[in-house]
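In what follows, a structure is listed as C-alpha cells, so that the remarks can point back to it.
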Amino acid sequence: MANTPSAKKAARKIARRTAINRDRRSRVRTFLRKVEEAILSGDKAAAQAAFKLAEPELARAASKGVMHRNTVSRKISRLSSRVKAVGAA
C-alpha cells in the first residue's frame, strides 16, 4: 500500500489512466470485431465500410500509446488484405 502522499497520488493517477486505456482498448476491439463479422459474412461493401471506420480507431490507439504502432500497422495491413480478398474468394 502507498504510504507517501506522492505514492498515493501516483496510485490514483495510474487507476485513472488504466480505466481510460481499458475503454480505448475495448473500443478498438469492438471496431475490429465489426470488420471480422463483415468479412465472414462475405459482404465486401460492409467489410470496406467497417474497415474504413476501424482504421482511424487503430491509429488513435497507437497515437495514445494504448497499442504499439507496429502492432497497429500490422493489424491494419492484414485486415486490409483480407477485406480486399472478400470479393475474390
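The values are calculated or read from the model by the stated rules, or taken from the named source; none is laboratory data. Keep in mind it's a predicted model, so treat the numbers as computed, not measured. Using ideal geometry, Cβ is built from the backbone for each residue, glycine included, and neighbour counts are taken over all protein chains shown. SASA here: full protein model, heavy atoms, side chains in, ligands and nucleic acids out. Shrake-Rupley method; radii C 1.70, N 1.55, O 1.52, S 1.80 Å.
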query: Right, M1: in contact (Cβ under 8 Å) with a residue 24 or more places away in the chain and assigned to a loop (DSSP other than H, G, I, E, B) or not?
result: no
field: When residues of segment 20-40 are limited to those that are of a type in the set (A, V, I, L, M) and under 15 Å from the mean Cα position of the chain (by Cα), the one farthest from E57 (Cα to Cα)
entry: I20
task: Under 6 Å between Cβ atoms, at least 6 apart or on separate chains: pull out the pairs that start in segment 76-88 with a residue that is in contact (Cβ under 8 Å) with a residue 12 or more places away in the chain and open to solvent by 50 Å² or more (accessible area, probe 1.4 Å) and end on any residue that is assigned to a helix (DSSP H, G or I) and among the aliphatic types (A, V, I, L, M).
output: R82/I39
